[in-house]
Amino acid sequence: QKEVEQDPGPLSVPEGAIVSLNCTYSNSAFQYFMWYRQYSRKGPELLMYTYSSGNKEDGRFTAQVDKSSKYISLFIRDSQPSDSATYLCAMSVGPPGNQFYFGTGTSLTVIP
Amino acid sequence: DVKVTQSSRYLVKRTGEKVFLECVQDMDHENMFWYRQDPGLGLRLIYFSYDVKMKEKGDIPEGYSVSREKKERFSLILESASTNQTSMYLCASSHDRGSGYTFGSGTRLTVV
């Protein structure tokens, strides 16, 4: 069983839709949770970073962590064509400098 | 902004060649990482380093070695390139105090 599971998609939504991206994990010791966005032929860029359970909001993006269910989500409100990218979840046990475990990524296309 | 610079965006090498991939970061990060990214497999950790002159094997170190002679530079070496090492290689760095990884733009290596 992989440490982190993520539905690869692809996911295609109309502009303005609310998008929900999800990951599940098996290691209950994970405490640091991140979402990265990766445009085609580019390196991943950090979108959201949360510690332990709860919600974090940043503009149109909301990250949610449910440690009891070992489930994390990223919500994108009012999706834009510029949100079209692959979204990767990542998590780690120790301080954020330590090794992260990544999901395989979900490909999202927002149609104008 | 933290910058992680990878020396080449695209590289084509022949089977059996020794290949050097260079990565430099400019924010005094302690930790540096090399990943490869393949469709359907996601990011897989090759090697990482928490300090100068130290290295740790990741999940797929076979056929690779690394060098970290200076804090800002982390090199990945393919001792004898093979076609199954054709991939996107991503370098990342992070601070011990947190904030997640910063990735470089990646090197797309093709071994023919």
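The values are calculated or read from the model by the stated rules, or taken from the named source; none is laboratory data. Just so we're clear, the structure is a prediction, and the values are computed from it rather than from any experiment. All Cβ positions, even for glycine, are placed from backbone atoms using ideal geometry, and neighbour counts span all protein chains on display. Just the protein is used for accessible areas: all its heavy atoms, side chains included, with ligands, DNA and RNA removed. Shrake-Rupley method; radii C 1.70, N 1.55, O 1.52, S 1.80 Å.
Observations
- Buried between A and B is an accessible area of approximately 1600 Å², summed over both sides with a 1.4 Å probe.
- Cut-off of 10 Å, at most 14 other beta carbons, DSSP loop: longest stretch of chain B lacking such trypsin sites (Lys or Arg not before Pro): B:54-96
- If you take all other residues with their beta carbon under 14 Å from the beta carbon of A:SER79, and give Lys and Arg +1 and Asp and Glu -1, the sum is 0.
- log₁₀ of I(q)/I(0) at q = 0.19, 0.27, 0.29 Å⁻¹ - region A:37-91, Debye sum with one point per alpha carbon: -0.71, -1.19, -1.27
- Bridge type composition, chain A - antiparallel percent by DSSP, nearest 5: 90
- Counting charges near B:PHE20 (Lys, Arg +1; Asp, Glu -1) among other residues having Cβ under 12 Å from its Cβ returns a value of 0.
- Per residue, the accessible area of chain B comes to 49 Å², computed with a 1.4 Å probe over protein heavy atoms only.
- For region A:63-112, heavy-atom accessible area (probe 1.4 Å) falls by no less than 10 Å² from the chain alone to the full protein assembly at A:LEU88, A:PRO95, A:PRO96, A:GLY97, A:ASN98, A:GLN99, A:PHE100, A:PHE102, A:THR104.
- Cα centroid of region B:36-112 to Cα centroid of region A:48-82, whole Å: 28
- Within chain A, longest stretch clear of exposed GluC sites (Glu not before Pro) (DSSP loop, no more than 14 other Cβ within 10 Å): A:16-112
- Most mobile of A:ASP66, A:ASP78, A:ASP58 in a GNM of chain A (Cα contacts under 10 Å): A:ASP58
- Of all beta bridges that DSSP places with both ends in the protein assembly as shown, some 90 percent have antiparallel geometry.
- Filtered chymotrypsin sites (Phe, Trp or Tyr not before Pro), region A:15-59: DSSP coil and at most 15 other beta carbons within 10 Å: A:TYR39
- Excluding ligands, DNA and RNA, the accessible surface per residue across region A:4-111 is 43 Å² with a 1.4 Å probe.
- Kirkwood estimate for region B:50-107, i.e. one over the average of 1/r between Cα atoms, Å: 13.0
- Where only C-alpha atoms are counted, convex hull volume of the protein assembly as shown per residue in Å³: 120
- For region B:7-112, with all protein chains in place and a probe radius of 1.4 Å, 49% of the accessible heavy-atom surface sits on carbon or sulfur.
- Pairs of Lys in chain A closer than 20 Å at Cα, counting only those 8 or more apart or on different chains: 4
- Treating each Cα of chain B as one equal point scatterer and applying the Debye formula with no solvent, the log10 of I(q)/I(0) at q = 0.11, 0.21, 0.23 Å⁻¹ comes out as -0.31, -1.13, -1.34.
- Evaluated over the Cα positions of chain A, the convex hull gives a direction-averaged projected area, one quarter of its surface, of 6.7 nm².
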